[in-house]
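The values are calculated or read from the model by the stated rules, or taken from the named source; none is laboratory data. Values in this document were obtained by computation on a predicted structure and should not be read as measured data. Because the Cβ atoms are built from the backbone with ideal geometry, glycine has one as well, and the counts that use them run over all protein chains shown. For the accessible areas, the whole protein counts, side chains as well, though only heavy atoms, and no ligand, DNA or RNA atoms are used. Shrake-Rupley method; radii C 1.70, N 1.55, O 1.52, S 1.80 Å.
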Amino acid sequence: MATPIGNLRDITLRALDVLAAADLVACEDTRVTGRLLQLLGLKARMTPYHDHNADAARPALMAKLAEGRVVALVSDAGTPLVSDPGFKLVQACVEAGIPVTSVPGPSAALTGLQLSGLPADRFLFAGFLPNKTTARRAALKELDAVPATLIFFESPHRTADTLADMAAVLGDRLGAVARELTKMHEEVGRAALSELARRYAETSPRGEVVIVVAPPGEIAAAGPAQLEERLRAAIQSGSSIKDASALVAAETGSPRRDVYALALRLFRGGNEE
């Protein structure tokens, strides 16, 4: 059963009915769900069910269900079974012939996709990437050719590094960083992955983060500021105006003639060979 990801008013009428009627509410954190129930004016018996105790807790939940009890499974926020062990409980119920239904509602992944401005007709939710750079880049390489918009969860302190790895492995595609969805300080940053990496390296985002990446082939068009920055870096490394223009045009997909014209305006009088 889905619970609000930030705005309490996103709870559904059906969810209220299920919570009120449930014999037991299985939740990631009884403190978090307890506060939610209190705000909703509900009382319910709760039991923890999370990554660390799922294998030990599942038999007891199955026993309750076999007795005909109603068990409501919730996550701390959003739709359960997304980045939590709920699917194992559903698998066990299916194998045992115990009826399972879903009470749909808020989802940070889908909300981020909706607000990203990126194609939503085909998408892949990839969850959390590995923490370490090498493993993270390897995971991204596996997703490089997927013909769909990609959706990720990420922690605030790793957001900039992850965006930089995405730009390096997937190419400088368009992307979006959505944070604090449905809350007072909801924010969505939309730009090329490299630009987003620079932006969040300067100021780390706060709150829950969803990263959305455009499908292959949707390389972001570099703006004048990005082109100038790349040209200056190439010139400072010793490239001629001509070579720097060719390099930046190839990196960004921008017309070579336009990049060269900008380089001439910026560095006229320098070495053009």
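The C-beta contact set for segment 44-65 (first residue modelled with pLDDT of 95 or more, second residue of a type in the set (S, T, Y) and in a loop (DSSP other than H, G, I, E, B), distance under 8 angstrom, 6+ apart or interchain) comprises A57/Y49; R58/Y49; L61/Y49. So for segment 89-107 (the condition being of a type in the set (A, V, I, L, M), under 30 Å from A176 (Cβ atoms), touching a Gly at 6+ places or on another chain (Cβ under 7 Å) and modelled with pLDDT of 95 or more), does at least one residue qualify? No, segment 89-107 contains no residue that is of a type in the set (A, V, I, L, M), under 30 Å from A176 (Cβ atoms), touching a Gly at 6+ places or on another chain (Cβ under 7 Å) and modelled with pLDDT of 95 or more. Only a single item in (1) in contact with a Cys (Cβ under 7 Å, 6 or more places away or on another chain); (2) more than 25 Å from G112 (Cα to Cα) is not met by T33, and it is number (2).
Among P119, P59, P99, which is farther than 17 Å from C27 by Cβ and in contact with a Pro (Cβ under 8 Å, 6 or more places away or on another chain)? Within the list P119, P59, P99, the selection yields P119. Among the residues of segment 140-161, those identified as open to solvent by less than 10 Å² (accessible area, probe 1.4 Å) and in a strand (DSSP E or B) are T149, L150, I151, F152, E154. Among the residues of segment 49-74, those that are touching a strand residue (DSSP E or B) at 6+ places or on another chain (Cβ under 7 Å) and either under 13 Å from M1 (Cβ atoms) or of a type in the set (F, W, Y) (or both) comprise Y49, V71, A72, L73, V74. Among the criteria (1) farther than 14 Å from V212 by Cβ; (2) free of Cβ contacts under 8 Å to residues at least 60 places away in the same chain, the one T159 does not fulfil is (1).
In segment 28-66, of all residues being among the charged types (D, E, K, R) and open to solvent by 70 Å² or more (accessible area, probe 1.4 Å), the one that is nearest to the chain's Cα centre (by Cα) corresponds to D51. Here S102 does not qualify as assigned to a loop (DSSP other than H, G, I, E, B), touching a residue at least 60 places away in the same chain (Cβ under 8 Å) and in contact with a strand residue (DSSP E or B) (Cβ under 8 Å, 6 or more places away or on another chain). Residues in segment 226-269 that are of a type in the set (G, A, S) and over 24 Å from R198 (Cα atoms): S240, A261, G269. Total residues in segment 162-219 satisfying the condition of being assigned to a loop (DSSP other than H, G, I, E, B), open to solvent by less than 60 Å² (accessible area, probe 1.4 Å) and either polar (S, T, N, Q) or in contact with a Lys or Arg (Cβ under 8 Å, 6 or more places away or on another chain) (or both): the figure is 7.
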